[in-house]
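Enquirer: This is the structure I want to talk about, given as structure tokens.
A short reminder: the numbers here are calculations on the coordinates, not readings from a lab. Source: prediction; values computed, not measured. All Cβ positions, glycine included, derive from the backbone under ideal geometry; neighbour counts span all protein chains shown.
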Amino acid sequence: MRRLFLIALALSLQPRPTRVYGDIHLGMAAAAKKAVEKLDAQARTAAGSVYWTQYYDDPAIFTQTLNDPAGDWELPISEAPPSIIAYNTIDVRTIQYGLSGSYFYVRVDYAGTIPIAPIAVSGQTVGRQSTSFIMDTDNNNLTGANGESQGGVQFLGMDIYYGLGVEYGSTWHRAPYANYNFPTNDAHVYSGTLPGEWRSGGPGHTFVIARFNISGLGAYFPRGTTVDVGSWSEAESNGYHHFAFDPAPATTWAIPP
Amino acid sequence: MRIAHGIRFSFILAALAAVIVLRPLRGGAAANDRPSPGTLGLSLNVPGIGVRYFLTERYSFEAKAQTSKNTVVAGLRTYRYFQSRYFLPYMGMEADFINFKGDVTKGTGMAFGLFAGGEHFFARRLSTQFDCGPALIHLSNQASRVSVDTIEIVMNLSVNFYFLGGAAKERKP
């Protein structure tokens, strides 16, 4: 019996070239944890098959980085819950952007993982999130529209708006897009629209990468000029359009020629 | 079969368990001691706890709970003991309920396992045990409508303290 036990122990620890069973774990909890990792991978794959093809883009494309402090939540002025909701999934850590050929690339990294399906948060069901990236391309506060108020300061003169919105668990998704040429100060009234492309990240990941072909934007993407840029992120629940809101500090960007 | 991350630690523990279980006794409890019916014990396993109850000399049950990074496993093990000169070999099965939270999933699941191993008393009320066997694990995440069924090899290592009922008693081989 003693020999049998030793043989069984040796066989159980013997690496084999053909994978018939899973890994060896110390304790059922460790084995269950491994199964959870497999389920996570499967869920990511399932979400990816619906939404996203993961393209590879050279990280060197992103020449600029906008750092956003962690946990800098703000209560939006409208369609918001009574108090601030700290929803980590839209807590932007960095926004990186840059140019490659005729494409403008934006990468947004969040503190949390973008859900693959609507989730319950603070009594609400959160089903979508989006990050906005805006530019004052003519450096004139009197033209364009007004961006979201952030910390009591409103971004004035928004000439082009890039929207990176993600739906959780929907069979369709919104492609990233850009709106430009705002004839009034209303950000919802525009005459120009430019569809973008998702490149990678998305549900099941902590980031998104999108790109826009800016070759036809002309003055709305003034290469060789320094412009003001700003950003904010928000999540929408079944009860509040602005369920959670994370502003990012405005900065400037010297667009490469 | 791939050996999981952290197997070095696991291997050391398993080897230690094997040495303790299989080494010849030098005094203290007899090699083939076993709890008598009605014995109740606490089990400290890796990584959790359990309560053991001997229904007969050959059969015992254990309610156990383990945790590992947002994963909680609770279930029942049954043991069938055999006689041996050096230690108490056994085989058994277990069923567990799993509650988990992954990076993008959360939900519940079940596990069913078979195992074989041995228990050794190194003191009158103290024993260590080691066993190993396959486990079928089923997890599902309703929100994303995905599920996974996987067979993993599970080793169990624990130290038991029997404090109620009949203590270990010597039996002739």
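Enquirer: Per residue, how big is the convex hull of segment A:20-168 when only Cα atoms are used? Give it in Å³. Mind dumping the intermediate values first?
Expert: On the way: hull volume 28.3 nm³, N = 149.
Hull volume over Cα atoms, normalised by residue count, gives 190 Å³.
Enquirer: For segment A:130-257, take the convex hull of the Cα atoms, compute a quarter of its surface area, and give me that in nm², please.
Expert: On the way: hull surface 34.1 nm².
The number I arrive at for segment A:130-257 is 8.5 nm².
Enquirer: What angle do you read, to the nearest 10 degrees and between 0 and 90, between the alpha-carbon axis of helix A:2-12 and the longest principal axis of chain A?
Expert: Value to nearest ten degrees: 30.
Enquirer: So, one more: Net charge near A:Y220: determine it from the other residues with C-beta under 12 Å of the C-beta of A:Y220, scoring Lys and Arg +1 and Asp and Glu -1.
Expert: On the way: positive: A:R223; negative: A:D136, A:D138, A:D159.
The answer is -2.
Enquirer: Given segment A:90-159, what whole percent of its Cα pairs are spread farther than 15 Å? Don't skip to the end; give the middle numbers.
Expert: Numbers: 1670 of 2415 pairs.
Everything past 15 Å amounts to 69 percent.
Enquirer: While we're here: Given springs between every Cα pair under 10 Å in a Gaussian network model of chain A, which of A:I119, A:I85, A:I77 has the largest fluctuation?
Expert: So, out of A:I119, A:I85, A:I77, the one fluctuating most is A:I77.
Enquirer: What translational diffusion coefficient, to the nearest whole µm²/s, does segment B:26-138 have by Stokes-Einstein, given a Kirkwood radius computed over alpha-carbon pairs, a temperature of 10 °C and 1.306 mPa s viscosity?
Expert: Roughly 106 µm²/s, to the nearest whole number.
Enquirer: Averaged over every viewing direction, what's the projected area of the C-alpha convex hull for chain A? Give it in nm², one decimal, please. Let's see the in-between values first.
Expert: Working: hull surface 73.0 nm².
Mean orientational projected area (chain A, Cα hull): 18.3 nm².
Enquirer: Other chains' Cβ within 10 Å of B:129-138 residues: what's the mean? Mind showing how you got there, number by number?
Expert: Details: counts 0, 2, 4, 8, 2, 5, 7, 2, 9, 2.
If you average over the peptide's residues, the count of other-chain Cβ atoms is 4.
Enquirer: At a 10 Å Cβ-Cβ cut-off, how would you order A:I84, A:I95, fewest neighbours first?
Expert: Numbers: A:I84 14, A:I95 23.
Fewest to most other Cβ atoms nearby, the residues stand as A:I84, A:I95.
Enquirer: OK, next. Lys and Arg at +1, Asp and Glu at -1: add these up for the other residues within a Cβ distance under 13 Å of B:L42 and post the number.
Expert: Details: positive: B:R52, B:K64, B:R125; negative: B:E62.
Neighbourhood net charge equals +2.
Enquirer: Using a Gaussian network for chain A with springs between C-alpha atoms less than 10 Å apart, which of these wobbles most: A:V166, A:V92, A:V189?
Expert: Greatest mean-square fluctuation among the candidates belongs to A:V189.
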